[in-house]
Amino acid sequence: MSHNRTKIMGILNVTPDSFYDGSKYSDVKKAVEHAVEMSRYADIIDIGGESSRPGSEQILADIELKRVIPVIKEISKRIDTGITKISIDTTKADVAEEAINSGASIINDISAMRFDEKMKDVAAKYGTNVVLMHMKGMPKTMQLNPHYDDVIGEILSFLKERINFAVANGIKKEKIIIDQGIGFGKRVEDNLMVIKNLDKFKILNCPILVGTSRKSFIGILSDNIPPEERLEGTISSTAIAVMNGADIVRVHDVKEIYKAICLADAIKNLK
């Protein structure tokens, strides 16, 4: 993966209950059209069929499959997947495998392969890229008084252990992407500390993915504004993350972020 230009992962939630876009793309046709539009600027389209917002409940694999597979199949027909990759945002091995067979080439697992023991086997079998994310607790309970003594040290330790686990189970190190899990079991100050200290995660020698898009800490720091009003905070936090070492940014507003990080990349890459 080239590190001269920050990659953009566009978010496509095909759920009825996501924190920002709700059921906006639960219709296959609308989801596919949005993916095609995002592919003009995005390097990756990340498709999720289960909400992981704070307080969310887990759903059955059958429900998740019905949501994501038709969308992935149609997107694969409409975009050049050699240029814009398709990612499946799931913690379930069965969903990941079916998604790969339908056109996905990246597994984005917020549990870092902890929730489904078969996930490691799927990733190794197909040789896909896999995103390993840090999360404290489960989505339903992760924001109930999370606490860290050393947030950077604890996340580093967790990610190192998961990288070692993945490699020990046949996943090539060069296929692993790490995500510090902004908003997943973290206080406002924890999220800010992670963004400020992203460069410390370079020691793990994996591409760094950062996802701040329209998350609650932006709203809290901006007079409790709702997700619909968090674009400027998203742009700001994303640009700072790029300057501090992000290799991939996961966002809802692909075109706007593309324009913002073109400048951040130009400054970052100055010799």
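A quick yes/no check of all residues on (1) of a type in the set (Val, Ile, Thr); (2) touching an Asp or Glu at 6+ places or on another chain (Cβ under 7 Å):
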{"residue": "Val122", "(1), (2)": "yes, yes"}
{"residue": "Lys136", "(1), (2)": "no, no"}
{"residue": "Lys140", "(1), (2)": "no, yes"}
{"residue": "Asn145", "(1), (2)": "no, no"}
{"residue": "Phe158", "(1), (2)": "no, no"}
{"residue": "Ala168", "(1), (2)": "no, no"}
Restricting the range 137-162 to residues that are part of a helix (DSSP H, G or I) and among the aliphatic types (A, V, I, L, M), which is surrounded by the most Cβ atoms within 10 Å (Cβ to Cβ)? Ile155
Looking only at the range 123-136, which residues are part of a loop (DSSP other than H, G, I, E, B) and either within 22 Å of Lys200 (Cβ to Cβ) or not polar (S, T, N, Q) (or both)? Gly127, His134, Met135, Lys136
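Among what's in the range 124-136 and is closer than 20 Å to Gly181 by Cα and in contact with a helix residue (DSSP H, G or I) (Cβ under 7 Å, 6 or more places away or on another chain), pick the residue that is surrounded by the fewest Cβ atoms within 10 Å (Cβ to Cβ).
Applying the first criterion (closer than 20 Å to Gly181 by Cα) to the range 124-136 yields 129-136.
From what's left, in contact with a helix residue (DSSP H, G or I) (Cβ under 7 Å, 6 or more places away or on another chain): 129-130, 132, 134.
Details: Asn129: 20, Val130: 26, Leu132: 29, His134: 23.
Result: Asn129.
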Please verify whether Lys120 is more than 21 Å from Thr212 (Cβ to Cβ) and touching a residue at least 40 places away in the same chain (Cβ under 8 Å), treating the condition exactly as stated. yes
If you go through Ile171, Ile208, the only one that is farther than 22 Å from Val254 by Cα, touching a helix residue (DSSP H, G or I) at 6+ places or on another chain (Cβ under 7 Å) and buried (at least 17 other Cβ atoms within 10 Å of the Cβ) is Ile171
For Lys271, all conditions in the list (1) assigned to a loop (DSSP other than H, G, I, E, B); (2) modelled with pLDDT of 95 or more hold save one; what is the number of the exception? (2)
Expected single match for β-branched (Val, Ile, Thr), within 20 Å of Val254 (Cβ to Cβ) and at pLDDT below 95 among Thr84, Thr15, Thr6 is Thr15
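Just name the residue that is nearest to the chain's Cα centre (by Cα) out of those in the range 108-127 that are of a type in the set (A, V, I, L, M) and over 20 Å from Asn13 (Cβ atoms). Walk me through it before giving the result.
First, the residues of the range 108-127 that are of a type in the set (A, V, I, L, M): 110, 112-113, 119, 122-124.
From what's left, over 20 Å from Asn13 (Cβ atoms): 112-113, 119, 122-124.
On the way: Ala112: 12, Met113: 14, Met119: 17, Val122: 19, Ala123: 17, Ala124: 20 Å.
Across the range 108-127, the extreme among qualifying residues is Ala112.
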Scan of the range 28-42 for residues that are buried (at least 18 other Cβ atoms within 10 Å of the Cβ) and β-branched (Val, Ile, Thr), ordered by number: Val32
Of the residues in the range 176-189, those that are within 18 Å of the chain's Cα centre (by Cα) and outside any loop (DSSP other than H, G, I, E, B) come to Ile176, Ile177, Ile178, Asp179
Among (1) at positive phi; (2) touching a residue at least 12 places away in the same chain (Cβ under 8 Å), there is one condition Asn224 misses while meeting the rest; what is its number? (2)
Within the range 237-246, does at least one residue satisfy the condition of being in contact with a Lys or Arg (Cβ under 6 Å, 6 or more places away or on another chain), farther than 19 Å from Ile44 by Cβ, surrounded by 19 or more Cβ atoms within 10 Å (Cβ to Cβ) and of a type outside the set (Gly, Ala, Ser)? no
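The values are calculated or read from the model by the stated rules, or taken from the named source; none is laboratory data. Just so it is clear, the structure is predicted and the values come from calculations on it, not from any experiment. Glycine also receives a Cβ, built like all others from the backbone with ideal geometry; neighbour counts cover every protein chain displayed.
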